Amino acid sequence: MKVQKTNRKKILFLRFLCLCMVVLVGGLTTACNQKIDTPVFDEEVAPAEEISILAIVSGLDEVNEHITLRSMDYETEKELYYTVGADVRDKYGDIIPMSDVELGSIVEVVYDANRDKLLSIYISDEEMVSVVREVSGAQIDYVKNTVRINGTTYPMSDHVAAFSDNVQIGINEICSEDQLTIWMYNNKIYTFYVELGHGYVKLTDYAGYIGGMVEIGYDVIVPVTENMLLTVREGTYTLRIAKDGDVGMKQVQVIKNQEVTLSLADLAIQPKQTGSVLFDVTPADAKVYIDGKRVNTEGAIELTYGKHTISIIADGFESYSATFKVNYAYKVKKYTLVAEGEEGSTTSTTAQNDSDSSTATESGTTADDSTQSNGSTKEETTTQDSNVKDVSTTVGVKTSNKVILSAPMGVSVYFDGEYLGIAPISFTKVTGSHIITFSQTGYLSQSYTVNFTDDGEDVTLSYDDLVSISSLIE
């Protein structure tokens, strides 16, 4: 009887203890006003929706692991995130880091549309996709929407894009001096990437060289004018300047998007380069004049490299006058005058002796060696408006129309390196492709490529303000 009583007490105590715990837990729940959520382990997860596309890489953020892709028709742009598990390969199927994926490249992509997650990206090896690297001297025609590369003309996509330094730039910010990578699909250009950009060279102490020619970089060969600013591909070059047979040279380093000032005061003048020319003239007693001065043709004559004029006069024969170019060590030039009253023209034959003792015979005159000076020359007329600055560029044909440049205001304006004045400004419209450059102290210089046609219309241009250098300093 005592044992049963003891057990009963234990049971009552345990029930009381359980009741206290229930009350305590309930009180705590009420006091904290919190609801305890029980996790659900059987909720449905949306399956991956894999989509494959052919696209252009238009943005890459390696810090936040995001990539932006643009459809080939530019109607849509998609931003995806990626992880180290993304399958990234070159066109040969080899695994590469994401940093090797270039802006502007055409890629084959697979992504999860439900999570905007990149699954794989391959540099396209499709037969329709092609890439051309180290392109120099590309001639972009914005009027015809074409690009001429090494003698071949390609159409551009209506949504063609350009990139430089891992950011997108305007197509008209590409200059002919730039070195490019070009991506094409079905022989149509979709993207440009600037491998090597351009900087600027400003000449000082140039007064003694005005009227001469300056050569720098790959294709910059222009007359020396006042306050000129040259657009040159980034790199280290030898600047060569020549006038009246004197040639000076100087090293210069061109930095992308920067302007360097170069003094010509201490140029090292090089000896004049000359070639020997033996004139064999029929009749033998004809009088021969080189650059207006009579010469003795019994032996070879030393002439400086460049263009010269020759005039031959003899009694009873038609006079002959032409220009020829000396760019060789030795050459024999034969001329036979035509008797008065006879039909035909004076002929010339050129024999050249090179260092390897090979010879070449050339009959008549050629544009490279000899040009008749008694032909006619067409001179293009331009507008007579005194407020329109005339330009002296040798590229293109001057028209009777003008280009009105309204902005950016207050900057120095250069046309193919020639200083025109301060914007706003108007200048002669010249056909063809040209480079307009803006410069201002304290700002980054900026160049744009323009194309003009002789359509009888004036052109108005306006560009964004230059970027202040101080705004780039943190």
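Determine whether Thr282 is over 30 Å from Ile210 (Cβ atoms) and either at pLDDT 90 or above or not hydrophobic (A, V, I, L, M, F, W, C) (or both). Walk me through it before giving the result.
Details: over 30 Å from Ile210 (Cβ atoms): yes; either at pLDDT 90 or above or not hydrophobic (A, V, I, L, M, F, W, C) (or both): yes.
The answer is yes for Thr282.
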Subject >> strands (runs of 3 or more DSSP E) enclosed by segment 50-154 - at least 3 residues per element that are surrounded by 13 or more Cβ atoms within 10 Å (Cβ to Cβ) >> reply: 50-61, 66-71, 77-81, 106-112, 117-123, 129-136, 139-141, 146-149
Original post:
Which of (1) outside any strand (DSSP E or B); (2) under 27 Å from Gly208 (Cβ atoms) is the odd one out, the single condition Asn257 does not satisfy?
Top reply: (2)
Original post:
Name the residues in segment 293-315 that are out of contact with any strand residue (DSSP E or B) (no Cβ under 8 Å at 6 or more places or on another chain) and either outside any strand (DSSP E or B) or surrounded by 16 or more Cβ atoms within 10 Å (Cβ to Cβ) (or both), would you?
Top reply: Asn296, Glu298, Asp315
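Residues to consider are Lys144, Lys78, Lys91; find the one that is of a type in the set (Lys, Arg) and more than 30 Å from Glu177 (Cα to Cα). Don't jump to the end; show me each part of the working.
Numbers: Lys144 fails: more than 30 Å from Glu177 (Cα to Cα); Lys91 fails: more than 30 Å from Glu177 (Cα to Cα).
Of the residues listed, the single one that is of a type in the set (Lys, Arg) and more than 30 Å from Glu177 (Cα to Cα) is Lys78.
Touching a strand residue (DSSP E or B) at 6+ places or on another chain (Cβ under 6 Å), without any contact (Cβ under 8 Å) to a residue 60 or more places away in the chain and within 20 Å of Gly235 (Cβ to Cβ): is that true of Val132 in this structure?
Numbers: touching a strand residue (DSSP E or B) at 6+ places or on another chain (Cβ under 6 Å): yes; without any contact (Cβ under 8 Å) to a residue 60 or more places away in the chain: yes; within 20 Å of Gly235 (Cβ to Cβ): no.
Answer is no for this residue.
Given the structure, is Val222 closer than 21 Å to Val413 by Cβ, surrounded by 15 or more Cβ atoms within 10 Å (Cβ to Cβ) and modelled with pLDDT under 85? Spell out the reasoning first.
Values: closer than 21 Å to Val413 by Cβ: yes; surrounded by 15 or more Cβ atoms within 10 Å (Cβ to Cβ): yes; modelled with pLDDT under 85: yes.
Here the answer is yes, as Val222 does meet what is asked.
The values are calculated or read from the model by the stated rules, or taken from the named source; none is laboratory data. In this text, all values refer to a predicted model and were calculated from it rather than measured experimentally. No Cβ is skipped: glycine too gets one built from the backbone with ideal geometry, and neighbour counts run over all protein chains shown.
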